[in-house]
Amino acid sequence: MVDKTFYINKGPLTLAQIAEICEANLEDKAQADVLISDIATMFHAKEGEVCFFYDKKAKEKAAEIKATCCVTTEELKSFVPANVIKLISANPKLAFLKLNKAFYEEQKHRAEISRTAKIAPSAKIGENAYIGEYVVIEEGVEIGTNCVIEHNAVIGRNCKIGNNCRIGACASLSYTIMGNDCYIYTGARIGQDGFGFMVINGKHERIPQLGRVIIGNDVEIAANTCVDRGALDDTVIGDGCRIDNLVQVAHNDVLGRGCVIVSQTGIAGSCTLGDYVVCGGQSGFADHLNIGAGAQIGAQSGLMRDVEPGAIVMGTPAVPIKDFMRQVSNIQKLGKK
């Protein structure tokens, strides 16, 4: 059950409306005007609610569904009780995403600038902006229209933020150029020094980091993730990337379009990831690697060599997934001897 103190419920919706939103087929057209007030999981849904059933592993539990309506597939509909109205979808997961958006939205910030915010005279703030309490916006900053800058965020000198962006509470940006429709989550650190040192006379001397962070459009960088600016060349995050919590992206890394980087991944400096690379949680990359477009990196993998486009690798050091499975199998056999 969604807690309506945090989210706005836009229902009820008729089954005809839900079918259209989900691009699903309502089996019993006579039920088109039935009202649905909420979404719930198949295990908790009750009368007046809609649930989703798409996992074959849960088919024994499907008989316990008590929702008024269930969105499911042609293959699985026979497991749903006869008294439950069925919406048949080719892709119930996508249907859930669409219906979730139709039913609920977060509480929106109204356009205002808090009195405690400190905004430099040369900063440019676009129309319809929300600037939260104790935000700091330094000289030369440009922020587009319809942006939300939440409490205690810091936007460093000369940064540029596009339209429809959201900067989470206590996040900080420096040396950053950002496109439109981006979301930087709470506590993220964008544009800090890259980790570069040189030993001179027995002492670690910091190498000046003179690059920037360039973030494309429709990028999400989640809570407490760090993206360092480049040393000379820029660190680049491509359009549509999704970076999870607690990820480290080092200086001069270049991520192509649509990359997905899962929590606790660490990418060392000067790595290049092609479009739509997926990195599982806690994967680690040596520096100066090239990861081909569409490659998939398994969780807890250690990357020491380049990866071909479309390859699936896992392990430390990472090897093709079939080789990794053979290694695991052989180790298990040895353990039984």
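Bear in mind that the values in this text are calculations on the coordinates, not laboratory data. Computed from a predicted structure; not experimentally measured. With ideal geometry, Cβ positions are generated from the backbone for all residues, glycine too; neighbour counts draw on all protein chains shown.
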**Asked** Which shape class, rounded, prolate or oblate, goes with the stretch 49-122 when its Cα gyration tensor gives a ≥ b ≥ c as root eigenvalues, a/c under 1.5 marks rounded, and past that a/b bigger than b/c marks prolate?
**Response** prolate
**For Val319, residues with placed amide H under 5 Å, excluding near neighbours** = Met314
**Given charges at Cβ of Lys, Arg, Asp, Glu: the stretch 7-106 dipole, positive-most of Ile8, Thr68, Phe43** = Phe43
**Request:** Using only the alpha carbons, work out the radius of gyration and Dmax of the chain in angstrom.
**Result:** 24.4, 84
**Asked** How high is the FRET efficiency between Asp193 and His288 when r is their beta carbon distance and R₀ equals 25 Å, given to the nearest 0.05?
**Response** 0.85
**Complete:** Using alpha-carbon positions, the gyration tensor of the stretch 171-323 gives root eigenvalues a ≥ b ≥ c; with a/c under 1.5 called rounded, otherwise prolate if a/b exceeds b/c, else oblate, the class is oblate
**Asked** From the phi of every residue in the stretch 28-33, what ³J(HN,Hα) in whole Hz does the Karplus formula 6.51 cos²θ - 1.76 cosθ + 1.60 yield, where θ is phi - 60° and glycine or proline is x?
**Response** 9, 5, 5, 9, 4, 8
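At 0.36 nm per residue, minus the direct Cα-Cα distance, what do Phe6 and Lys46 gain on full extension? Give it in nm, one decimal, please. The partial results should precede the final answer.
On the way: separation 40, 0.36 × 40 = 14.40 nm, distance 2.10 nm.
Going from the current span to full extension adds 12.3 nm.
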**Request:** May I ask you to compute the full-extension gain from Glu74 to Arg110, defined as 0.36 nm times their residue separation minus their alpha-carbon distance, rounded to one decimal in nm?
**Result:** 8.6 nm
**Message:** Compute a Gaussian network model of the chain, connecting alpha carbons closer than 10 Å, and tell me which residue from Ile65, Ile237, Ile261 fluctuates the most.
**Reply:** Ile65
**For the stretch 234-252 and the stretch 85-152, distance of Cα centres in Å** = 20
**Message:** If each DSSP helix of 4+ residues adds -39,500 (n - 2.57) and the sum is divided by the residues in the chain, what number results at 222 nm, nearest 500 deg cm²/dmol?
**Reply:** -3500 deg cm²/dmol
**Complete:** From fewest to most C-beta neighbours within 10 Å, the residues His251, His109 line up as His109, His251
**Prompt:** If the cut-off is a Cα-Cα distance under 28 Å, which lysines reach Lys93, setting aside same-chain residues fewer than 8 apart in sequence?
**Reply:** Lys4, Lys10, Lys29, Lys46, Lys56, Lys57, Lys59, Lys61, Lys66, Lys77, Lys101, Lys108
**Item:** Built amide H within the under 5 Å cut-off of Val236, gap 5+
**Value:** Ile214, Asp253, Val254, Leu255
**Asked** How large is the charge dipole for the stretch 20-179, taken about the Cα centre, if only the Cβ atoms of Lys, Arg (+1) and Asp, Glu (-1) carry charge, to the nearest 20 debye?
**Response** 340
